[in-house]
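What follows draws every value from the coordinates through simple rules; no lab data is involved. As the structure is a computational prediction, the values presented were derived from the model and not from experiment. All Cβ positions, glycine included, derive from the backbone under ideal geometry; neighbour counts span all protein chains shown.
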Amino acid sequence: MKLRQIAIVISFLLLLAGCKTNPFTGEKNLNFVSNSQIFPAAFEQYDQVLAQSKVERGTADARMIENVGRKIAVASERFLDANGYQGYLQGYDWEFSLIKDDEQVNAWAMPGGKIAFYTGIMPIAKDETGVAAIMAHEVAHAVADHGAQRMSAAQLQQVGGAVVGAAVGGRSEGTQQIIAQAYGLGTNLGGMLPFSRSHETEADRIGLTLMAIAGYDPAEAANLWRRMQQNSGGQAPPEFLSTHPNPQTRIDNIEKWAPAAKAEARKYGVTSFK
């Protein structure tokens, strides 16, 4: 009982202290992991991945990744400065790498601005605007602190597991295992997976604004996802079992949000999009 009470108190204090305003949405998000905690580990992990991979340097595609990444990063800083978040990106160390792996249709971002593309995604990106759509999505993950939020959620899940374990400690071992499995399944399906999907949706929406401010047509992001959908052959797990929204859901959302992204970009003097 004492352990259970301690776990409940810890959970409450974490929730109380762990809210940070998202500058793009204005919403309070669960986040009690500071940049000073997460950035060094992220940078080290990024360097390890690059050291173990074949990184393209000096090619046309590698230069495109770097140039588009810089444009999107500048767009994010312009947005943040204009909306009262000067200095928000302090500690970020932007880096944009292209890894030679034609089998990997993927791109990802680490906290603090470390972003990697794989050559396998380049034919689907198709052109600079397609790269910008992917890049803006990944930059959005970085600037919205999604990595820290996922870490915070995982820590809460662990605390919750300790609470459940303490509550059923007097029951049989078999019963404890069943309850632990039910807790894990329930928190994944009902908490962690929806949390991840919400981050993907948020990164889609923020990314449209960033690519538009950088001068790219946000409406083209829908065509990117059509190509993604075609490449996958329409094979995807049910949305509730996935970390990502269904491709058609993303396409529908992008088509709905793109006009607002263009309107936002015009506030920054962007009059045409490529």
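Given R₀ = 35 Å, what would the calculated FRET efficiency be for Glu103 paired with Gln37, taking r from the Cβ atoms and rounding to 0.05? About 0.55, to the nearest 0.05.
Which of Lys71/Lys262; Lys71/Lys274; Lys71/Lys267 have a Cα-Cα distance over 24 Å?
Violating the 24 Å Cα-Cα cut-off are zero pairs.
Each label point was placed 7 Å from the Cα along the Cα-to-Cβ direction; for Glu27 and Lys267 their separation is 1.9 nm.
Can you sort Leu50, Leu208 from fewest to most other Cβ atoms within 10 Å of each residue's own Cβ? Provide the component values of the computation, followed by the final result.
Details: Leu50 15, Leu208 30.
With the fewest neighbours first, Leu50, Leu208 line up as Leu50, Leu208.
Taking amide H atoms as placed 1.01 Å from N in the peptide plane, the amide H of Glu56 lies under 5 Å from those of Leu98, Ile99, Lys100, each 5 or more residues away in sequence or on another chain. When each of Tyr46, Tyr216 is scored by the number of other beta-carbon atoms lying within 10 Å, the sequence from fewest to most is Tyr46, Tyr216.
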